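Working notes, beginning with the structure itself.
The values are calculated or read from the model by the stated rules, or taken from the named source; none is laboratory data. The structure presented is a predicted model; accordingly, all values stated were derived computationally and were not measured. Neighbour counts run over all protein chains shown; Cβ positions are idealised from the backbone, glycine included.
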Amino acid sequence: MLANDGTAQYFVSSISRRTGDLTPLTLKGIVSRSKSIQNLLKQISKITTLELPVLLLGSPGVGKGEFARLIHENSRRASHDFVTIECEGLTPERLSQELQYNSTEMMSRGGGTLYLSDIALLSKEMQSTLLKILNTGMWTIKTDDHEEKVYADLRVVCGSESSLAELANNPNLRKDFFLRFSVCPLVVPGLDKRKEDIPELVDIILEDIKSRGMNIGISSTAIDFLQNKVNWEGHVTELQTLILRAAIFCESLKIRAQDLMIEDTRPESVNDEDARLRELLKSWEGSKADLATRLGISLRTLYRRIEHLEKPEDEEGTAEPSGPTAASASL
């Protein structure tokens, strides 16, 4: 799109440089058909060139690490290392060892980006160390034999499963540490907020599966099933697991909807069971007998439950109980 002065403008996929010009974002492996991801990319485009800490918020499985890498690959540090370290039990000594093992350049003047997976698990000692790194560009490593000052030219990006409000009220987080890392908070949306991205995400997953020697496709009804799926507690990670499992066990060259209908062992209420049966009936491509077998119930029980679903709500109060077998059956 052209601005009034005739210059090109990039909106979602752009970085606002300090000089004012706009350069397209590098979107390696990032699917952005959904409005929620486009909005996130707009926010990322404003902070990639800044040497500020970034805090990525979101549930497990939404892909915080991928967006941390996206920030790195669109910064001046893109040609340097990107290192991910788990926060639980992290000490200054272990951080030094991890960086020396994974990225010697981070221990010098030409460093990269450090991604810490869950900021809420950092000890107060580690919080103090990170603040010192950000304030001075170096920290002191103490061993039994000596004390050493180590340079650290790095940008720190942190992830958290907690909300910003929960972090603000977390007694284990130092106030000055929280304030330093809450300047650039970005919320990574869950898969339930970006269902338009599912077909392209599936294509990427299938390409990865193909590289492992399994050449398999997916049917349109299977895609419909995934996009109509109500609960995505594991988000993108759950989608990856579901597709890989279906690819391994399906009996054709294309994943069908029924290949994705994996038995859920969590207890469900009657309403949950009814909702799930409706979902299955929309996408099921086989016979009712096969569906009953998949659900582990008799064909008679299946028809009874379908009949129950088709009854108007005002008739349900006078309907006879469907029996202990149907009531206890779990989808």
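If only residues of region 273-287 that are assigned to a loop (DSSP other than H, G, I, E, B) and free of Cβ contacts under 8 Å to residues at least 60 places away in the same chain are counted, the one that is surrounded by the fewest Cβ atoms within 10 Å (Cβ to Cβ) is SER287.
Within region 71-88, can one find any residue that is aromatic (Phe, Trp, Tyr) and in a helix (DSSP H, G or I)? No, the conditions are met nowhere in region 71-88.
Of all the residues in region 198-232, those that are in contact (Cβ under 8 Å) with a residue 40 or more places away in the chain, over 21 Å from TRP284 (Cα atoms) and of a type in the set (D, E, K, R) number 1.
For (1) at pLDDT 50 or above; (2) in contact with a strand residue (DSSP E or B) (Cβ under 9 Å, 6 or more places away or on another chain); (3) closer than 28 Å to GLY190 by Cβ, each residue gets a yes or a no:
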| residue | (1), (2), (3) |
| --- | --- |
| ASP264 | no, no, yes |
| SER287 | yes, no, no |
| GLY296 | yes, no, no |
| GLY323 | no, no, no |
| ALA329 | no, no, no |
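For LEU55, the stated conditions do not hold, so it cannot be described as modelled with pLDDT under 80 and surrounded by 16 or more Cβ atoms within 10 Å (Cβ to Cβ).
With respect to (1) within 16 Å of the chain's Cα centre (by Cα); (2) at pLDDT 95 or above, the lone exception for GLY234 is condition (2). In the set (1) at pLDDT below 75; (2) small (Gly, Ala, Ser); (3) surrounded by fewer than 21 Cβ atoms within 10 Å (Cβ to Cβ), SER36 fails one condition alone, (1).
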